[in-house]
1. Give a quick list of trypsin sites (Lys or Arg not before Pro) in the range 171-260 that DSSP marks as loop, anything other than H, G, I, E or B, with at most 15 other Cβ atoms within 10 Å.
2. Quick one: what do you get for the range 155-305 if you divide its Cα Rg by 2.2 N^0.38 Å?
3. Could you work out the mean projected area of the convex hull around the alpha carbons of the range 242-345, in square nanometres to one decimal?
4. Would you kindly calculate the translational diffusion coefficient of the range 308-434, applying Stokes-Einstein with the Kirkwood radius from alpha carbon pairs, for 20 °C and a viscosity of 1.002 mPa s, and quote it in µm² s⁻¹ without decimals?
5. Amide H neighbours of residue 17 under 5 Å, counting only residues 5+ apart in sequence or on other chains, H built in-plane at 1.01 Å?
6. Starting at the first residue of the range 309-324, write each ³J(HN,Hα) from the Karplus equation 6.51 cos²θ - 1.76 cosθ + 1.60 with θ = phi - 60°, in whole Hz, x for Gly and Pro.
7. Tell me which lysines have Cα within less than 24 Å of residue 116's Cα, excluding those fewer than 8 residues away on the same chain?
8. Using only Cα atoms, tell me the angle between helix 262-271 and the longest principal axis of the chain; keep it within 0 to 90° and round to the nearest 10.
Amino acid sequence: MHTDLVIEDVRLTPILVADPPLLNTQGVHQPYTPRLIVEVVTRGGVTGVGETYGDGTYLDPANTLARALPGRAVTDLNGLFTLADEVCGDSRQAGDREADLRVDAGGLRGVRSAEKIRLSVVSAFEVACLDALGKALGLPVHALLGGKVRDTVEYSAYLFYRWAHHPRGGERDDWGAALDPAGIVAQARRFADTYGFASFKLKGGVFPPDQEIAAIRALAEAFPGRPLRLDPNGAWSVPTALYVAEQLHGALEYLEDPTSGTESMAAVSAATDIPLATNMCVTTFAEVPEAFATGAVQIVLSDHHYWGGLHRTRELAALCRTFGVGLAMHSNTHLGISLAAMTHVAATVPGLAYACDSHYPWQTEDVITERPTFTAGRLPVSDAPGLGVELDRDRLAALHRRWLDDDGTHRERDDAAAMRRGDPEWVAPVIPRW
Ligand SMILES: O=C([O-])C(=O)C[C@H](O)[C@@H](O)C(=O)[O-]
Ligand SMILES: [Mg+2]
């Protein structure tokens, strides 16, 4: 083993990042959301960075894995999974099957199993190791994944119904409220003018379906011929999903998770020719066979956090290619480190026919020195060594200080609890909501 590539130290920094009051079917984004920044330092003195979810459920396995990692090489990426299984607990324990069937507290990330949480943690370590390895070798991460097949990666504008500001606390921005079709079109216009996004995804499941149908129609009128997507996060019943599909026939590039669960998605898919995409019913390899066999989804929105990193994302891409299923990318609130990781892996996947999602334009804070800029809706694929990002240690320290000072209100993402700060009667709706 090349001793310079051996991991000497691992640093974990939980942070709280400002997030605007974006609405979804569960509630509203908190003023601050938790993320975890992972740094691996090699004996050769190179530091690699990764990023993942920062809720407590992720911090425990991350701490365990961080303690076990020193002495291993940053090249030992396959070994990361075995190590995580060994030290963080075996995913095949009794009871795990039941956990697999539960949805997460936020209700937006699909099944929540011990294994998926562990993979989300491993993903940040894998990205950090790739970043360190790339820096040590003078090669970009995409080269370590086999090389880029495109020089830019296309992203879509991620439109949200939103309030002008949080009911209590939080940072302010100048986007204003967007609670009707005119507000959504204005938001889309600003995204298109500022970043050149050509396709638009509306986060739905917030208002009764007819209001969201009206918003998509308004977008289709304002941006003729542009790809449009609607994602209610499984909030509709099968008949409601079919009603929306009929109303929006010809207007949508795809419908994303119109209903919850593979069986219901398959029922919708059998009765409409609008392609269905998911980041909820296929978020693990175990969910692939049933979903593909029943034709429940035509596009999988991968997320390198869920799937265990960039190599596993490429494995998913190969599976999708084999079965004629499309691939695009899902996004949750994330910072520039994850955006760089997404861009590197997306650059290496052949036949990526859909623009990727990214929350990034909503994020006013970051822990890297230079914010990436979307031009014509695209990000250039960096050829700099590693991910091509540099940590801003002052910003990292400031956002960590916010996490330390928090009284516990924001350390776990809970959109329903955030909603109750504006509407004390709010309870996360039972799905299907409509
Ligand atoms: O289904 C999706 O695209 C997401 O889960 C993305 C985010 O979680 C989004 O719904 C949000 O943050 O409100
Ligand atoms: Mg989705």
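1. On the way: sites: 172, 189, 190, 201, 203, 217, 229; in loops: 172.
Passing sites in the range 171-260 are 172.
2. Details: Rg = 15.9 Å, N = 151, 2.2 N^0.38 = 14.8 Å.
Rg over 2.2 N^0.38 Å, computed on Cα atoms: 1.07.
3. Numbers: hull surface 26.9 nm².
Projected area, direction-averaged: 6.7 nm².
4. 122
5. The answer is 33, 35.
6. x, 7, 5, 5, 5, 5, 5, 4, 4, 5, 4, 4, 4, 4, 9, x
7. Result set, ordered by chain and number: 203.
8. With both axes taken from Cα atoms, the answer is about 40 degrees.
Just so you know, all these numbers are worked out from the coordinates, no wet-lab data involved. Quick caveat: nothing in here was measured; it's all calculated off a predicted structure. Please note: Cβ atoms are built from the backbone with ideal geometry, for glycine as well, and neighbour counts cover all protein chains shown.
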